[in-house]
Amino acid sequence: MTNTPSLVAILEAGADPALAPACRAAGYEAIIVSSMRKGLTEIRKRQPQVVVAEFIYNANFPNRISNFETLFAGLQKDCPAAHLVALLYPEDRPQLERLRERFPLHATLTYPLDSAALQQVLQTVH
């Protein structure tokens, strides 16, 4: 067992090459998954210090505005102490801000992802 803090990254649209190196440089063991379901399983199992997730807005969702409502519910139930870092496209910021009124975020970063900015954000957690 390692003392390295863990981080779960939920990248439903595809992994970003800047993510893994930034996580390692900031001192985290990164578990990267490609679906919210897998991410919530890892969160439950590992109790990470940080969760990095892509904010995916979809106006066609029938009873929510994004994938984050599911994530927020899982974090509140299974890992309330986790710090959430949202990755998003600039045009989706207004929708994320609507949710941010109800749920705290540690930080938001926009695509294209800047590895140095991500590393700096992660270092502010520990």
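Please treat every number below as a calculation from the coordinates, not as lab data. All of these numbers come straight from a predicted model, not from anything done at the bench. Neighbour counts run over all protein chains shown; Cβ positions are idealised from the backbone, glycine included.
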Legend entry - Rel. contact order, % - alpha carbon contacts under 8 angstrom, at least six apart, segment 1-58: 50 percent
Inset, instruction - Specify whether the C-alpha gyration tensor of segment 54-115 places it in the rounded, prolate or oblate class, a ≥ b ≥ c being the square roots of the eigenvalues: rounded for a/c under 1.5, otherwise prolate if a/b is larger than b/c and oblate if not. - result: oblate
Inset, instruction - Give the angle, between 0 and 90 degrees and rounded to the nearest 10, that separates the Cα long axis of helix 68-78 from the longest principal axis of the Cα atoms of the chain. - result: 50 degrees
Inset, instruction - Work from the charge dipole of the chain (Cβ charges, +1 for Lys and Arg, -1 for Asp and Glu, about the Cα centre) and give the residue of GLY14, ALA59, GLY74 farthest towards its positive end. - result: GLY74
Legend entry - Unit charges on C-beta of K, R, D, E only; dipole of the chain, Debye: 400 debye
Inset, instruction - Evaluate the distance, in nm, between pseudo-label points positioned 7 Å from the Cα of GLU12 and of SER35 along their respective Cα→Cβ axes. - result: 1.2 nm
Legend entry - Full-extension gain in nm, LEU113 to THR4, via 0.36 nm per residue minus C-alpha separation: 36.9 nm
Inset, instruction - Go ahead and estimate [θ] at 222 nm for the chain from helices alone: -39,500 (n - 2.57) per DSSP H run with n ≥ 4, summed, over the residue count, rounded to 500. - result: -10500 deg cm²/dmol
Legend entry - Stokes-Einstein diffusion coefficient of segment 1-113, Kirkwood radius over Cα pairs, 10 °C, 1.306 mPa s, in µm²/s: 112 µm²/s
